[in-house]
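Reviewing the structure listed below.
The values are calculated or read from the model by the stated rules, or taken from the named source; none is laboratory data. The structure displayed is predicted, hence computed values, not measured ones. Here Cβ is always computed from backbone atoms with ideal geometry, including for glycine, and neighbour counts include all displayed protein chains.
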Amino acid sequence: MRDEQGAIAFLKFYFSEFNRGMMAPETPPNLMAYADKGCISCKKSQKVIDEYVAGKWSVLTPGMEVVNPGLATPVTADKVIINFTLTEKAQTLYQNGKPTKETVPAASGKRGIALRWVNDQWQVLGLEEL
């Protein structure tokens, strides 16, 4: 829905799809299906998932979490900005279903995502560190 709750729900959905790609590379999502074709950060995120698929890498639990999202622009704007904190928990990397000595480090940072409303649905225009 084109309201604050809908925009934030879409943001959380987008990162849940990214998490799914990291956890189940045998059935990877296509993040570009939810993004503008010119979204560079979306292409980079999809590339990470594609590399996990190619290398048969995975993690066991969702690593990314969207915390404290809030609109920075009106939801009716042509480009809707949501600021939030993105946290990533440390966890072991698996390859071919077996644990490795590699880990994903814990991280947290302020982010902003730009969305637009197209054909009655949200679409990612870009994602940046703040």
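Tell me which residues, restricted to the stretch 89-100, are touching a strand residue (DSSP E or B) at 6+ places or on another chain (Cβ under 7 Å), surrounded by fewer than 16 Cβ atoms within 10 Å (Cβ to Cβ) and not hydrophobic (A, V, I, L, M, F, W, C).
92, 95, 99, 100
Might you let me know whether the stretch 37-49 holds any residue that is over 20 Å from residue 130 (Cβ atoms), surrounded by 18 or more Cβ atoms within 10 Å (Cβ to Cβ), without any contact (Cβ under 8 Å) to a residue 40 or more places away in the chain and more than 15 Å from the chain's Cα centre (by Cα)?
no
Go through the stretch 1-38 and give me each residue that's of a type in the set (Asp, Glu) and either touching a helix residue (DSSP H, G or I) at 6+ places or on another chain (Cβ under 9 Å) or assigned to a loop (DSSP other than H, G, I, E, B) (or both).
Result: 3, 17, 26, 36.
Looking at residue 103, is it touching a residue at least 12 places away in the same chain (Cβ under 8 Å), exposed (fewer than 11 other Cβ atoms within 10 Å of the Cβ) and over 14 Å from residue 6 (Cα atoms)?
no
Let me spell it out: the conditions are (1) at pLDDT 95 or above; (2) more than 20 Å from residue 126 (Cα to Cα), and residue 63 meets all of them except one. Which number is the exception?
(1)
Filter the stretch 53-70 down to the residues that are out of contact with any Leu (no Cβ under 9 Å at 6 or more places or on another chain) and farther than 17 Å from residue 90 by Cα, then identify the one that is surrounded by the most Cβ atoms within 10 Å (Cβ to Cβ).
Looking at the filtered set, the residue picked out is 53.
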